[in-house]
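**Q** I am attaching a structure below and will ask some questions about it afterwards.
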Amino acid sequence: MLKRILLLAAACVTAALLPAKDILVNTPKTTLLLKADRGQPLHISYYGERIDNAGQVYSAGSLWYEAYPAFGTCGTDVPALSVRHADGNMTTELEYVSDTAVAEANATLYTITMKDQAYDFYVDVCYRAYSNADVIEAWTVLRNGEKKPVVLNKYASGFLPIRQDDVWVTHMHGEWAAEAEVTEQKLHPGIFEVHDVTGTRNAYKNRPNIMLSLDGKPQENSGRAIGAVLCWNGNYRITVDTNGKRAHTLVAGIDDAQSAYTLAKGASFTTPTLALAYSNEGIGGVSRSYHRWARLNNKIHNGTALRKTLLNSWEGVYFNVNEQNMTSLMDGVKAVGAELFVMDDGWFGDKYPRNNGSTSLGDWVTDRNKLPGGIPALERACAERGLKWGIWIEPEMTNTKSELYEKHPDWVICPPTRTPRPGRGGTQLCLDLSNPEVQNFVFGVVDRIMQETPNTYYIKWDYNYEIANYGSHYLTADRQSHLYVDFHLGLQKVLERIRQKYPDLVLQCCSSGGGRVNYGLMPYFDEFWVSDNTDAKQRLFIQWGTSMFFPANAMAQHVSASPNHQTGRRIPLKFRFDVAMSGRLGMEMKPSDLSEKELAFAQNAFRLYKDTLRTLVQLGDQYRLISPYEGTGYASQMFVNEAKSRAVFFAYRFETAVNMARPRFRFAGLKPDATYRLKQVNGNGRKNSWEGKTLTGRFLMQQGIEISLSGEYDSCVILLEE
Ligand code: GLA
């Protein structure tokens, strides 16, 4: 007791000596201003354009919100934290204790520690401010120093006040094969929320990222905007609370529904990261900050590496995997000039061969009837053609018709007292990644492939279901509410192990298309499958929305057959290529179905992409120009290199009507005083007046050019060189 009193007295003396302190969390162009004061919780007073002197913020009149409001004592309606302490008290009252700033390679890490005034419960509020991108990551570490367990009822990653009047929100909603539909709306008093409750693939419907435009309706390349990205693959909730005075506050983190998390005495919990970006170059500026942050700081794995072109077998042969079909596709890959062949679903299963979606997941053994030479023979066949080899797996799943399920029925997500409710094929079930044995199994799937075929270059990692049977055989009765969180912590452990052992393996993140497009998983994956919908017209929209937060080198975009398998639409090959070339180019069809003329076109397109466009598209700054959502029937975008000396511009016309208005195509991101030579590439022979001419960056950006695009599904790709 005496020791405790002495310690308390010492803490009070230290706190009394501490002066109030401004903490400027700076990136090259932005600042988050914090105020740390004795006896007070940490406050946020500004987030926006970079400032180097806190004084002017206070002179001008500033925000005054707690940086991490806690239930029971904070003034805000939507708290970030809610804790049941060991004695049953539901309230938390935090006060500043100390702070540190640690320089890292490309960032500074700020840690501000607060403590509950009455309990040994600590909150470290952390901010990592990057020096190579205008992004600030926010998260917290919650530490239980109390004598008994405490329960975290809500444990958001971060809180941000946005005190502006006319604020609009941009978010992405989706469905299977219709991902990332962009929705914009003005914020009115009340609650705006996006959340996901699928449990295992949180980008399938609402995406865990939003943008807030502070100067009215969102503009691509002007106006102030703030982005908020939750780096997590599980259930989440992003809430914007707008009060009667039109002041908006943002809280984002793991969804608290059915997720009370017990922290044992002495234990801590680190929340996922909330990545914030501010720009005065509109939502396009926010996008470019995220793209840069992701590439330069491995928020997508191996972020600055150029991605190889490939052909994936799925839409070419579906489940009809056999040696002949595979080698014939490999011949096709070689013929068009792509670099990698990926064998999709249908290659595995012994007792239960995988001929459709209803069996075999979990039985990761080669089906020797289909592939007598096994996987090594296929890898060799690729090597003989000068191609890299890749393979599809869905390692976190099983089917009730599988040897794995027969052996380990308790490995699936389901309460022990209930019968599982299956998904795809009427038999598919999710494995319970909170269970360390399951984690070992999933790691083993990749490890065995790499042992047996060490030259495997690429793995497509799929995930085609969600939690429909909440409950775990593994978690104890008092920890059942940990499942939504522990599943992902388990998955992260597996992916960490894979990355430690196989840092160079290229991994694609797929989940019925773009169901897991989030920055919780992308640090482990090199790219993601944007959508199961490969229709070039609908892809314009899906890719547009996806690019709001993700860079082009992470976006797998494949040219597929016409008529398209999802929509039945017929679209010329050039248009299909021009749409796919604005990301990581690939194919998803039988090249042997191409006519001689089409094959020659495809060969030229792959050559052009590899030799000239790949670096610009995959590593350049992206400027979205005419949105397909504007309803003009046109879309355009461009990619500019860092020196602004080279760029590639894409224009698409995807609708037609008699006497339809044609937009003037204006550029962005160029040097105003430089002159650029314009050259149409991947063309179809039609000439424009600007071909081979030089124009200034200023003219191109202010006046723009005319492009004659005739009829539906005409497109134009222009290379600009200083
Ligand atoms: C999912 C994927 C597809 C394909 C199939 C295979 O739907 O999104 O690309 O891999 O599974 O079953």
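The numbers here are math on the coordinates, done by the rules we state, and not lab data. Small disclaimer: the values here were computed from a predicted structure and weren't measured. Please note: Cβ atoms are built from the backbone with ideal geometry, for glycine as well, and neighbour counts cover all protein chains shown.
**Q** Near LYS35, which aspartates and glutamates are there with a Cα under 13 Å away, not counting those fewer than 8 places off in the same chain?
**A** By straight Cα distance, LYS35 reaches ASP22, GLU66, GLU95, ASP99.
**Q** How large is the convex hull of the Cα atoms of the range 74-191 per residue, expressed in Å³ as a whole number?
**A** Details: hull volume 22.3 nm³, N = 118.
Considering the Cα atoms of the range 74-191, their hull volume per residue is 189 Å³.
**Q** What is the spin-label model distance, in nm, from ARG50 to ARG664 if the labels are put 7 Å beyond Cα along the C-beta direction?
**A** Distance between label points: 3.4 nm.
**Q** As a check on your grasp of the helix formula, calculate [θ] at 222 nm for the chain: sum -39500 (n - 2.57) over DSSP H runs of n ≥ 4, divide by the residue count, round to the nearest 500. Write down the numbers at each step before the final one.
**A** On the way: 14 runs with 152 residues, N = 722.
Rounded to the nearest 500, it is -6500 deg cm²/dmol.
**Q** By how many nm would the segment from LYS186 to TYR58 grow when fully extended, if each residue of separation counts as 0.36 nm and the alpha-carbon distance is taken off? If you can, show how the numbers build up before the last one.
**A** Values: separation 128, 0.36 × 128 = 46.08 nm, distance 2.85 nm.
Gain in length upon complete extension: 43.2 nm.
**Q** Across 10 Å bins from 0, what is the distribution of all Cα-Cα pair distances for the range 210-307, in whole percents?
**A** 14, 33, 33, 17, 4, 0
**Q** Give a quick list of GluC sites (Glu not before Pro) in the range 37-140 that DSSP marks as loop, anything other than H, G, I, E or B, with at most 13 other Cβ atoms within 10 Å.
**A** Values: sites: GLU49, GLU66, GLU93, GLU95, GLU104, GLU137; in loops: GLU93, GLU104.
Sparse-neighbourhood loop GluC sites (Glu not before Pro): GLU104.
**Q** Now for a separate question. For the chain, what is the Kirkwood hydrodynamic radius in Å, using each pair of distinct C-alpha atoms?
**A** On the way: mean 1/r = 0.0370 Å⁻¹.
That comes to 27.0 Å for the chain.
**Q** Still on this structure: In square nanometres, what is one fourth of the surface area of the convex hull spanned by the alpha carbons of the range 427-578?
**A** Details: hull surface 44.4 nm².
It is 11.1 nm².
**Q** What does the extension gain come out to for GLU630 and GLU596, with contour length at 0.36 nm per residue minus their alpha carbon separation?
**A** Values: separation 34, 0.36 × 34 = 12.24 nm, distance 3.72 nm.
Residue separation times 0.36 nm, minus the Cα-Cα distance, leaves 8.5 nm.
**Q** Turning to a different aspect of this structure: Between ASP504 and ASN106, 0.36 nm times their residue separation minus their Cα-Cα distance comes to what? Mind showing how you got there, number by number?
**A** Details: separation 398, 0.36 × 398 = 143.28 nm, distance 2.22 nm.
Net length gain for the segment: 141.1 nm.
**Q** Could you list, in their original order, any pairs among LYS610/LYS644; LYS334/LYS370; LYS205/LYS644; LYS115/LYS265; LYS597/LYS687 whose Cα atoms are separated by more than 27 Å? Walk me through the numbers before you get to the answer.
**A** Numbers: LYS610/LYS644 20 Å; LYS334/LYS370 23 Å; LYS205/LYS644 36 Å; LYS115/LYS265 16 Å; LYS597/LYS687 20 Å.
Table pairs above 27 Å Cα-Cα are LYS205/LYS644.
**Q** Now, a different point. Please work out whether the range 576-722 counts as rounded, prolate or oblate from its C-alpha gyration tensor, where a ≥ b ≥ c are the square roots of the eigenvalues and a/c under 1.5 means rounded, while otherwise a/b larger than b/c means prolate and anything else oblate? Don't skip to the end; give the middle numbers.
**A** Working: a/c = 1.72, a/b = 1.22, b/c = 1.41.
Oblate, because a/c is 1.5 or more while a/b does not exceed b/c.
**Q** Given that compact globular proteins tend to follow 2.2 N^0.38 Å, what is the ratio of the alpha-carbon Rg of the range 340-388 to that value? Don't skip to the end; give the middle numbers.
**A** On the way: Rg = 11.8 Å, N = 49, 2.2 N^0.38 = 9.7 Å.
Against the empirical 2.2 N^0.38 Å value, I get 1.22 for the range 340-388.
**Q** If you bin every alpha carbon distance in the range 528-607 into 5 Å steps from zero, what whole percent lands in each bin?
**A** 3, 16, 29, 26, 16, 8, 2, 0
**Q** Return the lysines within reach of LYS186: Cα separation strictly under 19 angstrom, same-chain partners fewer than 8 residues apart disregarded; answer none if there are no such residues.
**A** Partners within reach: LYS217, LYS245.
**Q** If the cut-off is 12 Å between C-alpha atoms, which aspartates and glutamates fall inside it for LYS679, apart from same-chain ones fewer than 8 positions away?
**A** Correct list for LYS679: GLU691, GLU721, GLU722.
**Q** Another question about this same structure. Where does each of 532-541, 364-373, 243-252 land if you order them by average Cβ count within 10 Å, highest first? The partial results should precede the final answer.
**A** Working: 532-541: 23.5, 364-373: 15.9, 243-252: 18.4.
The densest-packed peptide leads the list: 532-541, 243-252, 364-373.
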